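Shown next, in structure tokens, is the structure this report addresses.
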Amino acid sequence: MSIKQLLAACGGAFLPILLAVAQVTQPAVPASAPATLPASSTPSGPQLTADDVSAWLDGLLPPAMAIGDIAGAVVVVVKGDRLLVTKGYGLADVEKHTPVSGEKTLFRPGSISKLFTWTSVMQLAEQGKVDLDHDINEYLDFKVNGFGGKPITLRHLLTHTAGFEERLQDLLIDDPKQMKPLEVVLKESVPHTIYPPGAVPAYSNYGAALAGYIVQRMSGLPFEEYVEQRIFRPLGMTDSTFRQPVPEALAAQLSQSYHEASGESVSYEYCPDSPAGALSAGGADMAQFMLAHLHEGIVPALGEPSRILAPETVRLMHSEANRPAPNIDAMALGFYEQNRNGVRAIAHGGDLTAFHSDLLLIPDAQVGLYLSFNSVGRNHAAYNVRTAITEGFVDRYFPRREPLSAPAAIEGTADRAAAIAGGYELSRRAEENLFSFFYMLNQTSASVTDKGLLKVDAITGLNDKPKEFQEVEPWLWREAGGEMRLAVIHSPDGKAEQLVPDGYGPIFVFQRTPAWRSMSWLMPAIVAAAVIVSITVLVWLGGRIRRLIRRTPRAETPVPAAGRLQRASGLGVLCCFIFLLFLGVLVISLSGDSFWILSSPARPLLRLIQLSALSAVLGAVAVLIAAVRSWRTGGVHWRRSVWKSLLAAACIVCAYVAVAFHFLALDLRF
């Protein structure tokens, strides 16, 4: 499963997913000082004019949307001090046949909302109301401690290095009655921390929502009202809101959303972590926000009243704040780098179930691109279309000035590739609750091709096939025939510990999967256990039915204790069978389009799954004892003892899954 598919399966912009953005890099230029274009320079490709970009988009988007079954889209381009192009494509409402207005139709850009939250934080930092490097508990009315008791700072939140595990409960909900105030949401579901603050990038919606709550507390205004007064109003963003649902005055402008344009519309999705993803905005408004960031905090056409940040604050916000590995795109304060063709760009992506968006700024050229789709499309087409547009835009208007040279052979490449091969998991994951089982199923593997190239199954191109990488210097690999880079963090003894790709934003890394939770052996073991347990239950049921039909009494066991053990063993097998069924329900639920399994109303079902896990553990003990006893007393019935041993092994696998993946946790935090 690729990163794009993983994010789609987990729920779009709030789970990763939101990471399927342009895959960009520049290996020929040191990452600490990427090449940039001065504002006065002229790209060597086609001129970035309204006519040219409109013609390019008109030729690209309509057929791509038709093929991908995408209902509607908006694209906005700014250049210099003005809005260059804002275009709507397709339909905002398929049933009513309402066309998309590039200026006025409200799309929901998901995690791009975070840029407004981060901008708000920087406003307060500028005013001295918060310090980016102080413990966030100074600004909260409840405790949030980092891993090992270490303090978490706003800088950690801005760079997604606070160390939170992925929080999933009530990610998106469609029932407004389930909505709670932001402070209640945050206090009720503080996620576990699994990394020391500042150590590992792991994208976190909770961290962004927490930053929004700090804005609310330190400003004295509800977060939605703060953004309206301090960002929307100065920038003249009259067609934007964080309120849920959108106010009545804007409701008619809001686009419907779809899994596929040919299907039914998706219900309005409420985002309890509102600062992390609740924005609804028109294309012209998004242009104003981009212009303000491209012009050091001010929209030139509106003058000084439009200022939202001081120039030095904007420069700080856009500058490098965290680089997970050398020669890899860096994290800024809220934005992340997406350098391509030697041009430094900062960006952010965002996704809900159906809305999928991207925002890209090239500060030194004063150019910005924003696009949003209201459908994920057939086979999640919106992810690839979005990537094709962002990459194609940079390639067309900021082409590489010199072709990439083929890397020279490096001594020891084969040994390093062999050291890299193996299983990996995303740093952005649930680890301390039962949903960690789902993340185990989405581990990926690195391997070496026949040509000696490195590939990671989850890192795919527009053709959805894994990209292949060549080593360009020890422990740094570059996409064969492309730009994407992959850095390897290794131990002193030369063992690869982390893979750090650029192109997705430095908001997660791939970590070496520990053997005890490796999918490579767990999945075959679980499948084998399911087969053995299912056969046993079916045979048992068949025997019961046959005896009922023939009215044959069950043979009495001569030793009462043995009979009790046999019944306990049978009950244990049944408990493991039920637990395996619940595992299937959990995986199927998470792989679909519904988020119900992640909602508060699903907690009773999750508790039932936990109860089945506990029963499976106890049942495995009974089955194991029965298997041992069978060998002691089996005599000529050794085949029965062999099967009981296999059955015991299968039940032990079920018990292992229940314990290792926290199905028995009393604290149901997810």
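Scanning the range 59-99 for residues that are of a type outside the set (D, E, K, R), closer than 21 Å to ASN384 by Cα, in contact (Cβ under 8 Å) with a residue 40 or more places away in the chain and not in a strand (DSSP E or B) returns LEU60, LEU61, ALA64, MET65, ILE67, GLY68, ILE70, ALA71. In the list ASP364, ASP329, which residue meets the criterion of being open to solvent by 10 Å² or more (accessible area, probe 1.4 Å) and in contact with a Ser or Thr (Cβ under 8 Å, 6 or more places away or on another chain)? Step by step, each of ASP364, ASP329 is checked, and only ASP364 is open to solvent by 10 Å² or more (accessible area, probe 1.4 Å) and in contact with a Ser or Thr (Cβ under 8 Å, 6 or more places away or on another chain). The residue of the range 391-411 that is farthest from VAL266 (Cα to Cα), among those that are crowded, with 24+ Cβ neighbours inside 10 Å and of a type outside the set (A, V, I, L, M), is TYR397. On the stretch given as the range 600-614, residues that are open to solvent by 10 Å² or more (accessible area, probe 1.4 Å) and under 18 Å from LEU168 (Cα atoms) total 7.
Has the range 322-329 got any residue that is part of a strand (DSSP E or B) and in contact (Cβ under 8 Å) with a residue 60 or more places away in the chain? For the range 322-329, residues part of a strand (DSSP E or B) and in contact (Cβ under 8 Å) with a residue 60 or more places away in the chain: present. When the residues of the range 491-500 are narrowed to those that are modelled with pLDDT under 95 and not charged (D, E, K, R), which ends up most open to solvent (accessible area, probe 1.4 Å)? Among those residues, the one meeting the criterion is PRO492. The single residue among ASN374, ASN379, ASN384 that is open to solvent by 10 Å² or more (accessible area, probe 1.4 Å) and at negative phi turns out to be ASN384. Scanning the range 148-165 for residues that are crowded, with 18+ Cβ neighbours inside 10 Å and free of Cβ contacts under 8 Å to residues at least 60 places away in the same chain, which turns out nearest to the chain's Cα centre (by Cα)? Within the range 148-165, the match that is nearest to the chain's Cα centre (by Cα) is PHE164. For GLY494, are the conditions met, namely being part of a loop (DSSP other than H, G, I, E, B), in contact (Cβ under 8 Å) with a residue 40 or more places away in the chain and over 18 Å from the mean Cα position of the chain (by Cα)? It is true that GLY494 is part of a loop (DSSP other than H, G, I, E, B), in contact (Cβ under 8 Å) with a residue 40 or more places away in the chain and over 18 Å from the mean Cα position of the chain (by Cα). None of GLY297, GLY334, GLY263 is open to solvent by 10 Å² or more (accessible area, probe 1.4 Å) and either free of Cβ contacts under 8 Å to residues at least 24 places away in the same chain or assigned to a loop (DSSP other than H, G, I, E, B) (or both) except GLY263. If we scan the range 150-157, do we find a residue that is among the aliphatic types (A, V, I, L, M), within 30 Å of MET440 (Cβ to Cβ) and assigned to a helix (DSSP H, G or I)? The answer is yes; a qualifying residue exists. For the range 161-181, indicate whether the set of residues that are over 25 Å from SER599 (Cα atoms) and in a helix (DSSP H, G or I) is non-empty. No, the range 161-181 has no match at all.
The values are calculated or read from the model by the stated rules, or taken from the named source; none is laboratory data. Only a predicted model underlies this, so the values are computations on that prediction, with no experimental measurement involved. Positions of Cβ are generated from backbone atoms using ideal geometry, with glycine treated the same way; all protein chains shown enter the neighbour counts. All accessible areas refer to the heavy atoms of the entire protein, side chains included, with ligands and DNA or RNA removed. Shrake-Rupley method; radii C 1.70, N 1.55, O 1.52, S 1.80 Å.
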